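Undergrad: Have a look at this one.
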Amino acid sequence: MESMIYRLAFFVIGLFVLAFGVTLTIKANLGAGAWDALNVGLTDQIGLTVGSWIFIVGILIILLNAVIMREAPKVLGVFTILLIGFFVDFWMLSIFQDFNTQNIFFKGVILFLGILLIAIGVSIYLQTSFPANPIDQLMITLHQKFGLSLMAAKTIGEVGALLLALLFAGPIGLGTIIITFAIGPLIQLCNPPVNAVIGKWVAKT
């Protein structure tokens with residue numbers, strides 16, 4: 001029971017950190033990550049909040065993962081995207097709603113910090129064995145199905161999302177390119193040390 005409490009705590013913390021990172025990359029206004037640019041574009045073109053589109057797009061990706069693996073949809077992933085969507089809307093609408101900066105150096109710092117926090121957040125919550133964010137599950141699906149590295153699998157997913165973001169006029173820019181090709185290697189880099197720390201906590205409880 002105590003082990004489950006620690007796992008749940010790390011799961012929520014990881015998603016909270018991930019959502020913070022997502023918000024920073026959007027607010028840096030240098031071009032959001034591919035999936036986030038898609039969600040922002042859908043918000044601008046159709047309506048609803050970014051968090052709402054995270055949930056809707058996540059449902060579609062759950063179905064895509066099921067088709068690729070030829071298995072039943074991992075419906076528990078719905079809980080994960082609900083939390084991510086809620087946390088992103090919390091950061092976007094409650095904390096950073098009026099945030100804006102024109103300083104290009106500060107924008108770069110915010111973008112880099114956001115990317116790093118996304119990688120750390122993903123690495124934290126994936127160690128808990130709770131349902132993955134469908135986007136990260138897509139990375140795992142491609143990794144397992146085709147024998148790709150996590151870095152390659154993540155990059156493929158990001159490039160696909162980039163094409164969709166362009167269709168919906170999402171905020172694409174230099175930051176998008178940086179995130180697309182940096183997020184996979186950063187997750188690969190953060191995963192071992194995070195695994196070591198989280199693994200010890202879970203093993204002791």
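Undergrad: Check 86, 79 and return the single one that is open to solvent by 10 Å² or more (accessible area, probe 1.4 Å) and at pLDDT 95 or above.
TA: Residue meeting the stated conditions: 86.
Undergrad: Okay, moving on. Which residues, counting only those in segment 121-134, are open to solvent by 30 Å² or more (accessible area, probe 1.4 Å) and not polar (S, T, N, Q)?
TA: Across segment 121-134, the qualifying residues are 126, 130, 131.
Undergrad: Inside segment 33-51, can you point out the residues that are touching an Asp or Glu at 6+ places or on another chain (Cβ under 9 Å) and surrounded by fewer than 17 Cβ atoms within 10 Å (Cβ to Cβ)?
TA: Listed by number, the list holds a single entry, 49.
Undergrad: Would you please name the residue that is modelled with the highest pLDDT, looking only at residues in segment 169-178 that are part of a helix (DSSP H, G or I) and open to solvent by 50 Å² or more (accessible area, probe 1.4 Å)?
TA: Result: 174.
Undergrad: Listed residues 24, 30, 8, 18; which is touching a Gly at 6+ places or on another chain (Cβ under 9 Å), open to solvent by 30 Å² or more (accessible area, probe 1.4 Å) and not small (Gly, Ala, Ser)?
TA: Checking each option against the conditions leaves just 30.
Undergrad: Open to solvent by 50 Å² or more (accessible area, probe 1.4 Å) and within 23 Å of residue 16 (Cα to Cα): is that true of residue 166 in this structure?
TA: No, not satisfied.
Undergrad: Of all residues in segment 98-114 being buried (at least 21 other Cβ atoms within 10 Å of the Cβ) and within 15 Å of the chain's Cα centre (by Cα), which is nearest to residue 174 (Cα to Cα)?
TA: 111
Undergrad: Continuing with this model, one more query. Taking the stated definitions as given, is residue 28 touching a residue at least 60 places away in the same chain (Cβ under 8 Å), in contact with an Asp or Glu (Cβ under 7 Å, 6 or more places away or on another chain) and of a type in the set (Gly, Ala, Ser)?
TA: No.
Undergrad: Could you tell me whether residue 181 is open to solvent by 30 Å² or more (accessible area, probe 1.4 Å) and modelled with pLDDT of 85 or more?
TA: Judged against the criteria, residue 181 is not a match.
Undergrad: Continuing with this model, one more query. Filter segment 185-205 down to residues that are part of a helix (DSSP H, G or I), farther than 14 Å from residue 125 by Cβ and modelled with pLDDT under 80, then give me how many there are.
TA: So the count comes out to 3.
The values are calculated or read from the model by the stated rules, or taken from the named source; none is laboratory data. Here the structure is a predicted model, which is why all the values come from computation and not from measurement. Quick reminder, even Gly has a Cβ in these numbers, built from the backbone with ideal geometry, and neighbours come from all protein chains shown. Areas reflect the complete protein model, heavy atoms only, side chains present, ligands, DNA and RNA absent. Shrake-Rupley method; radii C 1.70, N 1.55, O 1.52, S 1.80 Å.
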